[in-house]
Amino acid sequence: MGKKRKVGADEVALKQSGAKKSKAEPAGEKAPAAVVEAGNGAAKDVFRNKEKVLVLCSRGITYRYRHLMTDMLELLPHSKKDVKVESKNNKTTLNELADLKGCTSCLFFECRKKKDLYMWLAKTPSGPSAKFLVAGVHTMDELKLTGNHLKGSRPVLSFSAEFDQLPHLQVTKELLTQIFGTPKEHRKVKPFVDHVFAFSVLDGRIWFRNYQIAVPAPLGKLDKAALEKMTLIEVGPRFVLNPIKMFSNSFAGATLYENPDYVSPNLLRSNEKKAKAGKYVKKVKAKQRRKTHLAANPLQPDELADVWED
């Protein structure tokens, strides 16, 4: 018979405390990330940003708006692209597409009548979501600006002071932060911060600009004088967001905010047609008045009209 194994002091203390050994984890499962504090050795959970954005558009989108969506895909390395969807269908199906792609947010470009572009910002699947009318679209290919930054780098998000003054702008700021803020530990992200996403509020609209951070410094270590000479060079694209509505859920739910100053593009085009039609009606009425005047006031026959005919 074999000899009995000697019991160590650690195992005796473990038996006396009544604690059980932890079972081995199954293959493929990872323990939650934890960090040990230096003072007491207690484990503390660490927040990991696993934000992923689903970017897609509706059928019938024009080439210009499609190029804008392509520019946004290049600026957001944590985004995923999907095929075009029917805008007439229920938009809540986009939550299922985001779930299948493993995304937590959705950036949806909806084009109507091949003229108007609407942008949806939504947190899937529970919300909130916001709908904007996109105007003043200029893509990177159109602008041809001198600015340039590394593809896949992380941006600095800059918001104007107006975002903290109104409740609906505070919600919009949080949506923009979570969608346009690139996670630090994403596999496609490069460990550099070399450009700025600027969101400014003017005339009730949100203006988007993308700038490169240019530092005129030597190849060595940056000094304080070089940091003070940093400049911003615009890269593109450009667009303006006109808020329409904000909903409590993703693409649906109760209306949290509705812009009272919003005017539909269809109404603007209708008023323009009516103004042009009014000019034509004025011309027709003027001709009719002229005919009526000539009929009511005929010219008197001239006695000398036939003098030179002989």
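The values are calculated or read from the model by the stated rules, or taken from the named source; none is laboratory data. Owing to the predicted nature of the structure, the values given are computational and were not obtained by experimental measurement. Counting neighbours? That spans all protein chains shown, and the Cβs are built from the backbone with ideal geometry, glycine included. When the accessible area is computed, the model is the full protein with side chains, heavy atoms only, and any ligands, DNA or RNA have been set aside. Shrake-Rupley method; radii C 1.70, N 1.55, O 1.52, S 1.80 Å.
Some points to look at:
- Neighbourhood charge, 14 Å Cβ-Cβ cut-off, centred on Lys151 and excluding it, Lys, Arg +1 and Asp, Glu -1: 0
- Distant-in-sequence amide H partners of Lys190 (H built 1.01 Å from N, under 5 Å): Ser153, Arg154
- Residues of region 53-269: accessible area per residue with a 1.4 Å probe, Å²: 52
- Residue-wise HN-Hα coupling along region 187-192, computed from phi with Karplus coefficients 6.51, -1.76, 1.60 (Hz; x: Gly, Pro): 5, 9, 8, 9, x, 9
- Under 9 Å, Cβ to Cβ, from Thr104 - net charge with Lys/Arg +1 and Asp/Glu -1: +2
- Residues in region 90-103 carry Karplus couplings, in order, of 5, 6, 5, 5, 5, 5, 5, 4, 5, 5, 5, 7, x, 9 Hz; the curve used is 6.51 cos²θ - 1.76 cosθ + 1.60 with θ = phi - 60°, and Gly or Pro positions show x.
- Under Karplus coefficients 6.51, -1.76 and 1.60, residue-wise ³J(HN,Hα) of region 257-264 in Hz, glycine/proline x: 8, 9, 6, x, 8, 6, 10, 5
- FRET efficiency, Arg64 to Arg290 (Cβ-Cβ, R0 41 Å, nearest 0.05): 0.30
- Computed from the C-beta positions of Leu299 and Lys276 and an R0 of 41 Å, the FRET efficiency is 0.70 to the nearest 0.05.
- Each label point was placed 7 Å from the Cα along the Cα-to-Cβ direction; for Leu100 and Lys84 their separation is 1.8 nm.
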